[in-house]
1. Could you give the radius of gyration (one decimal) and Dmax (whole number) of the Cα atoms in the stretch 20-86, in Å?
2. Calculated from the structure, Rg and Dmax of the Cα atoms in Å equals which of [x] 16.2, 47; [y] 23.2, 84; [z] 16.4, 57?
3. Among Ser67, Ser21, which comes first, then next, by fewest other beta-carbon atoms within 10 Å?
4. Summing Lys, Arg as +1 and Asp, Glu as -1, what charge do residues with Cβ under 12 Å from the Cβ of Leu98 carry, Leu98 excluded?
5. In percent, what relative contact order does the stretch 97-200 have, based on Cα pairs under 8 Å that are 6 or more apart in sequence?
6. How would Tyr93, Tyr106, Tyr198 line up from fewest to most surrounding beta-carbon atoms within 10 angstrom?
7. What order do you get for Asp165, Asp181 when you list them from fewest to most C-beta neighbours inside 10 Å?
8. Quick test of the membrane-span-like rule: which DSSP H helices of the chain reach at least 15 Å along their long axis (C-alpha atoms) with mean Kyte hydropathy at least -1.0?
Amino acid sequence: MTDAASRDEQLMGMMLALRQSGVRDRRVMEAIERTPREEFVDRAFRDRALGDTALPIACGQTISQPSVVALMTEALDLTPRCKVLEVGAGSGYQAAVLARLARRVYAIERHRPLAMEARARLEGLNLTNVTLRAGDGSRGWPEQAPFDRILLTAAADDTPRLLLDQLRMGGIMVLPVGQSDEVQQLIRIEKTQNGLDYRELGTVLFVPLIAGLPDETGQ
């Protein structure tokens, strides 16, 4: 079997796993199918990139399994006009998926080495509607607020008020909430005139949302 044929077979398996996990949004499925996950993992894990599993990346972080990426993206209910904030960009994979569905994506990564690598990957894929920087994601991106959608790919102990304040009225935030050493709850929050509308989406396991920046080595 050729490398191309092998990749096609693995991709079909990954897309089947997404459908089996409950993803129904055709645009989300197409965005993930068009985003080469193998470009966002370390070389040592490329043969496993199209499996539905989380994988380690640099700086002690992980790239989420595709079915979780799909479910979180679907929960955002994105439109082509949306301006999105992603907190915890990691290797850039989630930002790449969002970029195919939204007007503009602002992504923050706490670890500078990861942010630099992610930016290079996104540029290599010619995804020009993503702005990615190294910074303290717990503080959001106030100079670009408000956002139509906010996605956290790191677990908060509670809903971060600073980020909610940067969400536009009518906007949606999706994030994992809970202790980092336990199974967390993925929740969807819609900001309405009558208050915050919460919906639980299922259990997940993410690295913790940490305030501040690491040392200069990115460790």
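1. Spelled out, the Cα radius of gyration and Dmax of the stretch 20-86 are 12.9, 37 Å.
2. [z]
3. Neighbour counts put them in this order, fewest first: Ser21, Ser67.
4. Net charge around Leu98: +3.
5. Relative contact order for the stretch 97-200 comes out at 19 percent.
6. If I rank by nearby Cβ atoms, fewest first, I get Tyr198, Tyr106, Tyr93.
7. In order of increasing Cβ crowding within 10 Å: Asp181, Asp165.
8. 3-20, 112-124
Bear in mind these aren't lab numbers, they're just calculated from the coordinates by the rules spelled out. What you are looking at is a predicted structure, and each value in this text was computed from that prediction instead of being measured. Neighbour counts are summed over all protein chains in view; Cβ atoms, including those assigned to glycine, are modelled from backbone coordinates with ideal geometry.
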